[in-house]
Amino acid sequence: MRVENVYTLVLWYNQAKKQLEWLRKTNNCALIEAYKEIVKSYEARFRAINEDMDVMAFFERNENAAV
């Protein structure tokens with residue numbers, strides 16, 4: 001399992017969203033699609049982290065219930 005630094009991910013995600021907003025304001029069509037994909041990739045990583053946490057919590061509860 002790959003360990004992610006969530007704080008760093010959040011910082012990079014926020015910067016990518018700000019950059020996307022700026023590109024939309026300046027109407028830079030060439031980079032807008034690229035930054036949309038970057039933002040989507042960060043959102044997918046956050047969902048994956050959330051799912052990993054849910055799985056870990058599930059097994060932690062089951063281990064505690066057996067005691």
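The values are calculated or read from the model by the stated rules, or taken from the named source; none is laboratory data. All figures in this text were calculated on a predicted structure; none of them were measured in a lab. Cβ coordinates were reconstructed from backbone atoms using ideal geometry, including for glycine residues, and neighbour counts include every protein chain displayed. The area values use the complete protein model at the heavy-atom level, side chains included, leaving out ligands, DNA and RNA. Shrake-Rupley method; radii C 1.70, N 1.55, O 1.52, S 1.80 Å.
Numbers for the structure displayed
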| item | result |
| --- | --- |
| Segment 28-55 - residue that is at pLDDT below 90 and of a type in the set (A, V, I, L, M) and, of those, most open to solvent (accessible area, probe 1.4 Å) | Met53 |
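Here's the yes/no breakdown for (1) closer than 30 Å to Val55 by Cβ; (2) free of Cβ contacts under 8 Å to residues at least 12 places away in the same chain:
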residue: Val6; (1), (2): yes, no
residue: Leu9; (1), (2): yes, no
residue: Trp12; (1), (2): yes, no
residue: Ala16; (1), (2): yes, no
residue: Trp22; (1), (2): no, yes
residue: Lys25; (1), (2): no, yes
residue: Leu31; (1), (2): no, yes
residue: Lys36; (1), (2): yes, no
residue: Lys40; (1), (2): yes, yes
